[in-house]
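Written out below as structure tokens is the structure these notes cover.
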Amino acid sequence: MTMESMINGYTELVGLMASPIRHSHSPAMQNEAFRRAGINCVQLAFDVDDTNLKEAVQAIRVLGLRGSNVSMPNKTLVGQYLDKLSHEAQLIGSVNTIVNDNGLLTGYCTDGIGFMSSLKNEGIDIKGKKITVVGAGGAATAIQIQAALDGVAEISIFNVKDQFFDAGKETVRKIQEHTACKAAIYDLADQDALRHEIADSCLLANATGLGMKPYEGITWLPDISYLRPDLIVTDTVYVPTMTKFLEMAREVGCRYLNGHGMMLFQGAASFQLWTGKKMDIEHMKQWLKRLEF
């Protein structure tokens, strides 16, 4: 069944609100998932920023959209216009998925769920263990909060002393107050601390933008001596698929994952929130391989 044959008077709509927006792979992925599941729904992208976000959220109610994805620069702003926030969205302070239940709009954050689900799908269990995450922005915060909620024992956060460092401190506070996880934040410039914290972590995650355009070929990792073969290394970057960070991990013999899995599984979580059905993950893995990233 083609997408064209599915669209009729009963077709439901979900949005994607961000700016810029035309580069996003989300509509292609969600529409393939809807087609595969035989669900009469489509996702369309709308260029929305903080100047028209309030009106765009109201349009979800007025037009009866099933919901919407939300991306930059709206993820930390949209919550004020919604009726409810999920527990993880409250703690993370970010929303990437809106669900419309007869005019009641609830905000969720599936980014961290996507990260944890991508690990589980690869047979990686970090519950009860220690991890190190570099970054304190939106994706990093989602990973850190969700990992703590899901039972990770300890998280070491590293970030440069920029505007996000205070956000990282706030993330540590929330983790300490609302979960059983131990957390601490360090200056990324402290290379001794970085080496020490990585040494007894089971996983090292890059949750910064280094490695993606326009920072291709750049990483914060000083050299490969910080890594060891039994360390799991992950990157939230998926374009390019092999970053400098992951190249270093491959050289050492680490098991490594790029951001494709996180992208897929955060989308799958959104799909299930809108439809009540699970995305066909194996089919979508094969379909995503055909996309040119």
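The values are calculated or read from the model by the stated rules, or taken from the named source; none is laboratory data. Model, not experiment: these values are computed from the prediction. Glycine also receives a Cβ, built like all others from the backbone with ideal geometry; neighbour counts cover every protein chain displayed.
Here is the figure for segment 75-112: residues that are surrounded by fewer than 24 Cβ atoms within 10 Å (Cβ to Cβ) and part of a helix (DSSP H, G or I) total 6.
Looking only at segment 220-228, decide whether some residue is among the aromatic types (Phe, Trp, Tyr) and within 21 Å of Asp192 (Cβ to Cβ). Yes; the residues of segment 220-228 include at least one that is among the aromatic types (Phe, Trp, Tyr) and within 21 Å of Asp192 (Cβ to Cβ).
A Cβ distance below 7 Å, combined with a sequence gap of six or more or placement on separate chains, defines the contacts here; from segment 45-64, residues that are part of a strand (DSSP E or B) reach residues that are surrounded by 12 or more Cβ atoms within 10 Å (Cβ to Cβ) and small (Gly, Ala, Ser) in the pairs Ala45/Ser24; Phe46/Gly15; Phe46/Ala56; Asp47/Ser19.
Residues in segment 227-257 that are small (Gly, Ala, Ser) and in a helix (DSSP H, G or I): Ala249 alone.
Does Leu194 fit the bill of being out of contact with any Asp or Glu (no Cβ under 8 Å at 6 or more places or on another chain) and either surrounded by 14 or more Cβ atoms within 10 Å (Cβ to Cβ) or at pLDDT 95 or above (or both)? So Leu194 passes the test. Any residue at all in segment 138-160 that is modelled with pLDDT under 95 and buried (at least 16 other Cβ atoms within 10 Å of the Cβ)? Yes, some residue in segment 138-160 is modelled with pLDDT under 95 and buried (at least 16 other Cβ atoms within 10 Å of the Cβ).
Among Met17, Met72, which is the only one that is within 16 Å of the chain's Cα centre (by Cα), under 14 Å from Gly107 (Cβ atoms) and not in a helix (DSSP H, G or I)? Within the list Met17, Met72, the selection yields Met17.
Of the residues making up segment 272-288, one or more are among the aromatic types (Phe, Trp, Tyr), crowded, with 21+ Cβ neighbours inside 10 Å, at pLDDT 95 or above and closer than 30 Å to Ile98 by Cβ. Within segment 170-226, being assigned to a loop (DSSP other than H, G, I, E, B) and among the aromatic types (Phe, Trp, Tyr) holds for Tyr215, Trp220. Among the conditions (1) out of contact with any Pro (no Cβ under 8 Å at 6 or more places or on another chain); (2) closer than 23 Å to Gly209 by Cα; (3) modelled with pLDDT of 95 or more, Val252 misses just one, which is (1).
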